[in-house]
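Remarks on the structure that follows.
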Amino acid sequence: MEHGITLQQRVNEGLGQVLRNVPLLFRNFAPEDLRDFLRLGHAQLYKPDEVIIDEASTELDTAFLIVQGNASVWKDDLHLATIGVGDILGETFLFNKMGRTASVSATDEVIALKFRRSEVLDFFRKKPERLFKLFTINIVEIQQRRISSMNAKMIQLQKRLMNREGVE
């Protein structure tokens with residue numbers, strides 16, 4: 001680690017930033033439930049351009065929370081988005097077994113917490129059912145926001161294509 005700072009110290013520093021602006025996935029979690037959930041994460045360090053999620057991978061039972069750095073989301077060699085601290089990757093990992101929808105690679109050095117389906121399900125089994133309901137409602141809202149964003153991008157693209165065809 002650089003300058004004698006351990007990975008865990010860097011994770012803790014990044015989590016401080018995440019906790020100041022709680023990600024939507026954890027909205028309405030009690031602080032102690034959020035802290036307990038975050039402890040499930042396994043710290044991962046990714047170098048620039050290293051793949052975090054490969055859409056072709058068969059590993060579908062994991063999700064990631066970025067605690068430091070930025071990453072790029074790719075599909076068919078097209079850059080779809082840049083994501084950063086507090087963003088969740090693969091949030092449907094508890095339910096989805098159909099495959100990843102895109103690949104994600106580190107833009108700069110990224111530290112992420114990796115969550116495993118079995119550990120997260122065990123966590124929720126030990127908590128009140130209300131917490132799991134909050135989690136799933138938050139996942140649905142994240143998905144709805146992503147769909148709305150994709151729709152807006154498709155409309156912009158369609159308008160540009162129509163304008164282009166009208167010019168020719």
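Laboratory data are not the source of any read-out in this text; all were calculated from the coordinates shown. The shown structure was predicted, so the numbers you read here are calculated from the model rather than taken from an experiment. Please note: Cβ atoms are built from the backbone with ideal geometry, for glycine as well, and neighbour counts cover all protein chains shown.
Quick look at the values:
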item: Members of the range 71-112 that are surrounded by 16 or more Cβ atoms within 10 Å (Cβ to Cβ), small (Gly, Ala, Ser) and closer than 18 Å to Ala43 by Cα; result: Ala71, Gly86, Gly90, Ser105, Ala106, Ala112
item: Any chance Lys126 is under 26 Å from Asn12 (Cβ atoms) and loosely packed, with under 13 Cβ neighbours inside 10 Å; result: yes
item: Given (1) more than 15 Å from the chain's Cα centre (by Cα); (2) closer than 28 Å to Ala30 by Cα; (3) of a type in the set (Lys, Arg), number of the condition Arg160 does not satisfy; result: (2)
